[in-house]
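Novice: Here's a structure for you.
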Amino acid sequence: MRFFSTLKVSVLFLAAVSGFALSAQAANTRVTYPSAVSIEVLGRTMLYTVGFDQVVNENIAVGAGVGTVSTNFLNTDIDSGKSATMIPVYMNYYFAKEQGSLFLTAGATLITNHSSVKNTETSTGSLEIPSSNVMPTVGLGYENRGDNGFLFRVTAYGIAARKFTPWMGFAFGYGF
């Protein structure tokens, strides 16, 4: 049931943001500010990610980041005393050239200290660390990169760990 509740909230939020986006069309600022640094709350690494991305053409950007999240023993709220360090790499495809655009994202998140955190789950979101050290991710989001360089993204993710987990991310940053 948690899956459907999270999915419903994600879809409603993206619909609201999309409606706002249609009323706030502006020039293509991804080309004007092709590089960006950001902090994503929740998102691909479950708690926070510090990231960098680069626009490669009008519709595509690639990026990477680093984040960490504490872990619990499986199916408990007992802290394992270990944190998972993760490096997400991804590509975004933007549907519009305007300042605000819906986008699709796909990538993979590498768990750098996988051997020490396997058989645990993240303390945020209870994502079970998979048997592999790589977790594929997909998502649909909305980005607004303003005329002043301010960047905002909201993304609904699907993370393939031990089981497919829906998740959300909110990123704030600066394009230059």
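FYI, it's all coordinate maths here, none of it is from the lab. Remember, predicted model here, so these are calculated numbers, not experimental data. We place every Cβ from the backbone using ideal geometry, glycine too, and count neighbours over all the protein chains shown.
Novice: Could you tell me the number of lysine pairs in segment 2-175 with C-alpha atoms less than 22 Å from each other, where the two lysines are 8 or more residues apart or belong to different chains?
Specialist: On the way: Lys8/Lys163; Lys82/Lys118; Lys82/Lys163; Lys118/Lys163.
Step by step, the pairs that qualify in segment 2-175 add up to 4.
Novice: Working from Cα positions, state the angle (0 to 90°, nearest 10) between the long axis of helix 2-23 and the longest principal axis of the chain.
Specialist: With both axes taken from Cα atoms, the answer is about 10 degrees.
Novice: Give me the one-decimal nm value for the distance between modelled label points at Ile39 and Glu58, 7 Å along each residue's Cα-to-Cβ direction.
Specialist: That separation, rounded to one decimal, is 3.5 nm.
Novice: Connecting C-alpha atoms closer than 10 Å in a GNM of the chain, tell me which of Ala36, Ala27, Ala160 has the biggest fluctuation.
Specialist: Highest fluctuation of the listed residues: Ala27.
Novice: How high is the relative contact order of the chain, in percent, counting Cα pairs under 8 Å that sit 6 or more residues apart? Could the numbers behind the result be given before it?
Specialist: Details: 463 pairs, mean separation 41.1, N = 176.
Relative contact order here is 23 percent.
Novice: Rounded to the nearest 500, what is the 222 nm mean residue ellipticity of the chain from helices alone, with -39500 (n - 2.57) per DSSP H run of 4+ residues and division by all residues?
Specialist: On the way: 3 runs with 30 residues, N = 176.
Calculated mean residue ellipticity at 222 nm is -5000 deg cm²/dmol.
Novice: Counting other C-beta atoms within 10 Å, and keeping those with at most 16, which DSSP coil chymotrypsin sites (Phe, Trp or Tyr not before Pro) do you find in segment 34-102? List each step's numbers first, then the result.
Specialist: On the way: sites: Tyr48, Phe52, Phe73, Tyr90, Tyr93, Tyr94, Phe95; in loops: Phe95.
Answer in residue order: Phe95.
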